[in-house]
């Protein structure tokens, strides 16, 4: 009798938990069916934290790549260490006949290190183009997996394998590619009658939008000192005596109407 009294509540609890398990299974059954139909969506987005994990994922994707790599590399001249790592990663791709298309910003045209790197990889199916302003870093392998940064310091990245997301990023890349200028061709800057260059028009647009010098320099891939030199030339050309007046004179001059951006 004592044993029965002890076992009865335990058995009742077991039965209650089994009923709960059945109810949960019934509730989740539609979602399980979706997952079974689209197993690739299970890891559609993977968060990669830390440079070691990011580089490991990039190295794996590089090793598995067999047809095409699309990359967007914003910013100015590349540090020598970054160029060395890029060369080590790209060399096996080139040896396998993988085509590589890369977008840089115009400022790398004045970087001897970057130009030397481009010369070393030019033996393969490699195309390089530049734009004045780019979106954040982007790497796409074989049109199936893409990598984008998820933090400003680039210590966190996202590995994307959802076909819809990857297709969208490919369309973004192709649109930028059509607007870009091949590295070996001269950038077709057309100065205004006042002598304002394309770079200065881009800076003027960002000034009007309220960006500070550091943000403008980062967006255009140049250092802050060069950016401020362009701002000074722009102010001198328009006859501005202050930052506030410069914004007004830019809007009044109509120079933004002649830019392609």
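The values are calculated or read from the model by the stated rules, or taken from the named source; none is laboratory data. Quantities reported herein were computed from a predicted structural model and do not represent experimental measurements. Quick reminder, even Gly has a Cβ in these numbers, built from the backbone with ideal geometry, and neighbours come from all protein chains shown.
Here are the numbers for the structure shown:
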quantity: Condition check for residue 245: modelled with pLDDT of 85 or more, over 26 Å from residue 55 (Cα atoms) and out of contact with any strand residue (DSSP E or B) (no Cβ under 8 Å at 6 or more places or on another chain); calculated: no
quantity: Some residue of region 153-176 being surrounded by 12 or more Cβ atoms within 10 Å (Cβ to Cβ) and closer than 19 Å to residue 198 by Cβ; calculated: yes
quantity: Number of positions in region 198-225 that are over 23 Å from the mean Cα position of the chain (by Cα) and either closer than 15 Å to residue 133 by Cα or in contact (Cβ under 8 Å) with a residue 24 or more places away in the chain (or both); calculated: 6
